[in-house]
Amino acid sequence: MEDEGLKLILSSEEEEKEETVSTKLELTVDEVIEGYVGSLGISQVLHVLLVSLAWIFDAQTTLITIFSDAQPPAWRCKIPGLCLNNTSSSVCELVPETWEWVNGHTSSTLAEWGLICDRKFLAAIPASFFFLGSLIGSAVFGRLADSWLGRKRTVLVSCILTSITGFATSLSPNVWVYAVLRFAMGFARSGIGICCLVLSTESVGREWRGQVGQYGFFFFTVGFLSLPLLAYPTRTCWRNLYRIISLLPLAYSILCLPFVSESPRWLLVRGRAKEALAVLDRFARLNGKKKLPDTLCLAKPSGAKLATKSEKETNPENNKESLWTTEWAAKRMAIVMLSGFGVGFVYYGIQLNVENLNFNLYISVTLNALMEIPAVLVSSFLLGFTNRRLLFSVSTYMAGISSLLCTFPAGKGSNSLKAPKMGGNWSQLITESIGFMGASTAFDILYVYCVELFPTNVRNFSVSMLRQALMLGASMAPLVVVVGRLSSSFSFLVFGLLSISSGLVSLWLPETRNAPLYETLKQQEQKERLNWVPGDSGLELGI
């Protein structure tokens, strides 16, 4: 009798367990955000704000060479008469001891190390090295962010390394050490942009993904605008400018980053579903929602890791999905990178090329930075209801046509090492600014587009590959800028043709507006095959 009673009790307990399991609510991250957390609440706004602040010093680190490596605007004779009394002469034709830069020899690296005349092409090496460092760093940090480090810790490592390398750069004794340290600085900062973008977009609903992706670029603009304000007081010593900007990443790591949450999507893909639910629950409570149901669990996407602690994350069986060995993803990535190469070349090239405009450098840089604001606002507004592919291609055409128009009033570069002129071509400056706004819009949209084109388990890596293409283009832009000191028509011609080419290549990409964010390559391939519409691009399906 006792044995029969015990069996009845055990069987009833098993039935209760089975009933509990059967009542579990299994949802995807998208469904939890839309149904329980909120597509965009106060918690996600604060989260995105804290994450996006890092773009400020990412911009400063990237664009500092506009001032630190600039050709000084004016020179003067040390003693009247020693310069042959000819103020229109090029300093290349003068005896070095007879003249000096107005702001002193420490006003820029070019002035301190004499990177002019027959050594002018050496001035392009540090900027090119920086972008090459960013290219390599993007691959490294992109892989780390998708694997064991995660998004948040990758940003932390990148910020600390950026601070260290930034200060070390201020101590450079010559142009070769300076170039190596700029390479290290580019490598260090490359984890900031890619992770901040992904970390922001993975926490919100699909309705706000495009707009949130633009917030980071707004703060990039803030960093761009802050550069003239920081550079002007330090115009007599370029080293002080590096010392100032090296403090910001360290301060951010200490004061802001501890309050940032890890991406719930990444946690789920890495088999840490409980931690992912905890993050979503925290977002929901801060949004004023109720606590997530106890029966709620996150659906494990196809190809994701098993949520068992005993299983090592390094198990090759769980890492067999690869972007480059999946045909449809590899084709898509190649097209994105081709478009990114041209956009990176044009976006950074136009910014660096402002020294070849016959205007005050601080005014030209400020105007270009101000053009980033309408670029961010317009793209944020249009991304809510416009196709990504169309918006990107139109932006590249606008940048390309404007650059081509700049070739007509351009001609000889304004910085020919002659005595400075007071005049300027306003039509060229305005046209150049419009072109830069188009390039900026295309640059911003392409990042958001890339986030939506690939699933969580390779999203950071795919964004890092895009960043590599952007940086490869950017690394070649300084060489064109140096040539532009002799003929700025050439540089604008190159910018125009590359920009239009990038827009044409992007027409082979699929549209992603209102599409869900998938978690794995296998899941995305299955879903996209089901949702494929005849007549649309077949590249997204690998056919």
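Taking the criterion of being farther than 25 Å from Gly349 by Cα and hydroxyl-bearing (Ser, Thr, Tyr), the residues of segment 497-527 that qualify are Thr512, Tyr518, Thr520. Any residue that is in contact with a helix residue (DSSP H, G or I) (Cβ under 7 Å, 6 or more places away or on another chain), among the aliphatic types (A, V, I, L, M) and part of a helix (DSSP H, G or I) - is there at least one of those in segment 288-298? No: zero hits. For segment 193-208, the set of residues classified as crowded, with 24+ Cβ neighbours inside 10 Å and in a helix (DSSP H, G or I) consists of Gly193, Ile194, Cys195, Cys196, Leu197, Val198, Leu199, Ser200, Thr201, listed by residue number.
Find the residue count for segment 166-181, including only residues that are part of a helix (DSSP H, G or I), without any contact (Cβ under 8 Å) to a residue 60 or more places away in the chain and either in contact with a helix residue (DSSP H, G or I) (Cβ under 6 Å, 6 or more places away or on another chain) or not β-branched (Val, Ile, Thr) (or both). Spell out how you get there, then give the answer.
Let us first name the residues in segment 166-181 that are part of a helix (DSSP H, G or I), namely 166-169, 175-181.
From what is left, the residues that are without any contact (Cβ under 8 Å) to a residue 60 or more places away in the chain are 168, 176-177, 179-181.
Subset that is either in contact with a helix residue (DSSP H, G or I) (Cβ under 6 Å, 6 or more places away or on another chain) or not β-branched (Val, Ile, Thr) (or both): 168, 176, 179, 181.
The number of residues fulfilling the criteria is 4.
Within the span defined as segment 167-177, one or more residues are modelled with pLDDT of 85 or more, over 26 Å from Ile445 (Cα atoms) and surrounded by 24 or more Cβ atoms within 10 Å (Cβ to Cβ). Annotation note: of Phe490, Phe461, Phe454, Phe495, the sole residue that is at pLDDT 85 or above and more than 16 Å from Ala330 (Cβ to Cβ) is Phe495.
Among the candidates Val463, Val448, Val458, Val483, the residue that is without any contact (Cβ under 8 Å) to a residue 24 or more places away in the chain and either basic (Lys, Arg) or part of a helix (DSSP H, G or I) (or both) is uniquely Val483. Contact map, segment 382-395: first residue without any contact (Cβ under 8 Å) to a residue 40 or more places away in the chain, second residue aliphatic (A, V, I, L, M), Cβ cut-off under 8 Å, separation 6 or more or different chains; pairs are Leu382/Leu391. Within segment 252-267, at least one residue is of a type in the set (Val, Ile, Thr), at pLDDT 90 or above and either loosely packed, with under 15 Cβ neighbours inside 10 Å or touching a strand residue (DSSP E or B) at 6+ places or on another chain (Cβ under 7 Å) (or both).
Could you tell me whether Glu31 is charged (D, E, K, R), within 49 Å of the chain's Cα centre (by Cα) and modelled with pLDDT of 85 or more? It would help to see each step written out before you state the result.
Numbers: charged (D, E, K, R): yes; within 49 Å of the chain's Cα centre (by Cα): yes; modelled with pLDDT of 85 or more: yes.
When the stated conditions are applied, Glu31 passes them.
The values are calculated or read from the model by the stated rules, or taken from the named source; none is laboratory data. Source: prediction; values computed, not measured. With ideal geometry, Cβ positions are generated from the backbone for all residues, glycine too; neighbour counts draw on all protein chains shown.
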